[in-house]
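The values are calculated or read from the model by the stated rules, or taken from the named source; none is laboratory data. Everything quoted here is computed from the prediction, not taken from an experiment. We place every Cβ from the backbone using ideal geometry, glycine too, and count neighbours over all the protein chains shown. Ligands, DNA and RNA are stripped out before the accessible areas are found, and what is left, the full protein with its side chains, is counted by its heavy atoms. Shrake-Rupley method; radii C 1.70, N 1.55, O 1.52, S 1.80 Å.
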Amino acid sequence: MRHALHVVTARGTDRLVLQEQDAVAGLLGLLDAEALMRRLAEAGRTISHAFDATWRTVDRLVSGPAPRGRRPLADGVVEHGGEVVLARGVDPRKDPVLVLRAAAAAADSGLPLAPATVSVLAAQSAPMPVPWPEEARDALVSILGAGRAAVPVWEELDQAGIIVKLLPDWERVRHRPQRNPIHRFTVDRHLIEAAANAASHTREVSRPDLLLIAALLHDVGKGWPGDHSATGEVVVRDIATRIGLPSADVETLATVVRHHLLLPETATRRDLDDPVTIEKVAGTVGSREVLDLLAALAVADGIATGPAAWNSWKAGLVADLVRRVRSVLAGSPPPKPPTLSPEQAGLARHGGGAVRVHGGAVTVVAPDRVGLLWSAAGVLSAHRLVVRSASSASAGSTAVIEFSVIPEYGSPPDPATLEADLRLVLAGRLDIEQRLARRARAVRPPRVPVAPPRVTLVDDASATATVVEVRAHDRPGLLWRIGRAFGECGLDVRAARVETLGAEAVDVFYVVDRAGRPLSDDAQRAQVRDQVLAALR
């Protein structure tokens, strides 16, 4: 692959970037970049596995002789020389569950499976009956429930080809690359990492076994065309039936896989103060059991994805959403929109431009008018602050806007300077457009082609506003450009949810017309879409 990359680029580069992958694949006679990257991931994991096994042997030899004797760990499984091996006289050809029982013993004891034992199990294990016996299913859950210790054990079984014999659908996700920069791992490694993370949350749910299995299989649909949540629901029904789960558990597992993105996507892209948001989530999950499984899976999945996908901001939003939905499922009415806090009310009593900056929270208080939110957002962008969320409330004719922000890089700006500029823009004495234009000229354009922006008006997401979802390549001042387009259409932004995934922005806005109503006219809706798209070009 390295040689083919040098031929394609005509230089000695060792970075296989996205735009070169199809050409390298073609030169090697592979179908496409997907096949190339799967082959590369497989090679990397094979080398990594060999290194790990070698150094494990070195460490064992350097640390001195292991205790003599064999310590029983499970039926037909013992510890010998610091490794998990088969007991004398055990025949894998007569015991199909032995392979999972040995793996569970290794994960539970934190010991490695002996390479010779893995080879014997791979070559001689009897086919697992379908549906699986209960003992086999329990052993699978035991492996996953071991947490971090499950990862190297699973890797041993996978490298030996045992996993695909037990779960044939695993082949479609094995070594499959993630075409998304926020993912750290290939699909298969991501799944076992998520299951290992889920082990820390088993005491938070009524069905820890279903949580662990759901974590292992939540992205199994990525091996098929189409929406991986929808295809995953179909695949997981087959797998759940194969491993012998009762029909009610199959349905629960399928529901969790189908909606495993529901909580994080709703929390970051919808207004949690809108009763429609909470009612729709409650109607989708249907029960406290499913809600708790989805909540635990959201954490496990997010951490396994990477720091760009899970942080304290998102965790707080998901926890708030779960709390509200749990209340509705218990029969309580949806919570009313929050009133101003005492500090906000105190600022609002001034009636003029007031600003408070406290860490990642920025509060802006000013006379309510169209464009207030995006004007303030422009100042934040000019100061290298990325807006994570924005919401507004009113006290009479005064608006109170709360921003959650983080620096693009380095240290946050000086709060006093930021407050001064916010007051200037509120008073109409600062040309923020000129500042943002200077910043835009200083930003290097993306080196590779990016997908065109997309603007969608989401129906039935709110009864009091029109929800506009914008997906675009992130750049400084993006929120300000979008907000200005809304202003040119005579709209005001009531609330916003802003998220950046890698280099892609997924921004959601709750907009109303000048009478404070959602948009109902088709021509006006089309104008909004066209105006926002024009602002993004």
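Some points to look at:
- Selection among 309, 100, 452 by position relative to the dipole of the chain gives 452 as farthest towards the positive end (Cβ unit charges, Cα centre).
- Across the options 30, 113, 58, the greatest Cα extent toward the positive end of the charge dipole of region 1-140 (unit charges at beta carbon of Lys, Arg, Asp, Glu) belongs to 58.
- For region 529-534, 3J(HN,Hα) per residue [Karplus equation, 6.51 cos²θ - 1.76 cosθ + 1.60, θ = phi - 60°, Hz, x = Gly/Pro]: 4, 5, 5, 5, 4, 5
- Residues in region 315-329 carry Karplus couplings, in order, of 4, x, 5, 5, 4, 5, 4, 4, 4, 5, 5, 4, 5, 5, 5 Hz; the curve used is 6.51 cos²θ - 1.76 cosθ + 1.60 with θ = phi - 60°, and Gly or Pro positions show x.
- Per residue solvent-accessible surface (Å²) - region 364-507, probe of 1.4 Å: 44
- Karplus-based coupling profile of region 28-42, in residue order and whole Hz: 8, x, 8, 4, 6, 4, 4, 5, 4, 5, 5, 5, 5, 4, 5, with θ = phi - 60° in 6.51 cos²θ - 1.76 cosθ + 1.60 and x standing for Gly or Pro.
- Full extension of the segment from residue 43 to residue 437, taken as 0.36 nm per residue of separation minus the current Cα-Cα distance, would add 137.2 nm.
- Distance from region 376-416 to region 255-326 (C-alpha centre basis), Å: 25
- Dipole moment magnitude, nearest 20 debye, region 364-443 about Cα centre, only Lys, Arg, Asp, Glu C-beta charged: 240
- Placing 80, 3, 473 in order of accessible area, with the largest value first and a 1.4 Å probe, yields 3, 80, 473.
- Measuring nothing but protein heavy atoms, the accessible surface of the chain at 1.4 Å probe radius is 53 percent carbon and sulfur.
- Against the chain, whose longest principal axis comes from its Cα atoms, helix 150-159 is set at around 60 degrees.
- Accessible surface area normalised per residue over region 135-256 is 36 Å², counting heavy atoms of protein chains with a 1.4 Å rolling probe.
- Label point at residue 427 placed 7 Å out along Cα→Cβ; residues across region 365-406 whose backbone nitrogen lies under 16 Å: 365-367
- Surface calculation, 1.4 Å probe, protein heavy atoms: residue 409 sits at approximately 140 Å² accessible.
- Residue 312 sits among other residues whose Cβ lies under 13 Å from its own Cβ, and their net charge, with Lys and Arg +1 and Asp and Glu -1, is +1.
- When all protein chains stay in place and ligands, DNA and RNA are ignored, the 1.4 Å accessible-area order of 260, 358, largest first, is 358, 260.
- Charge dipole (Cα centre; +1 on Lys/Arg Cβ, -1 on Asp/Glu Cβ; no other charges) of the chain amounts to roughly 1180 debye.
- The H on the amide N of residue 87, modeled in the peptide plane, is under 5 Å from the matching H of 77, 78, each at least 5 residues off or on a different chain.
- In straight-distance terms, cross-link reach from residue 280 covers every one of the aspartates and glutamates whose alpha-carbon lies under 18 Å from its own, apart from those fewer than eight places away in the same chain; here that gives 265, 271, 289, 292, 320, 459, 460, 469.
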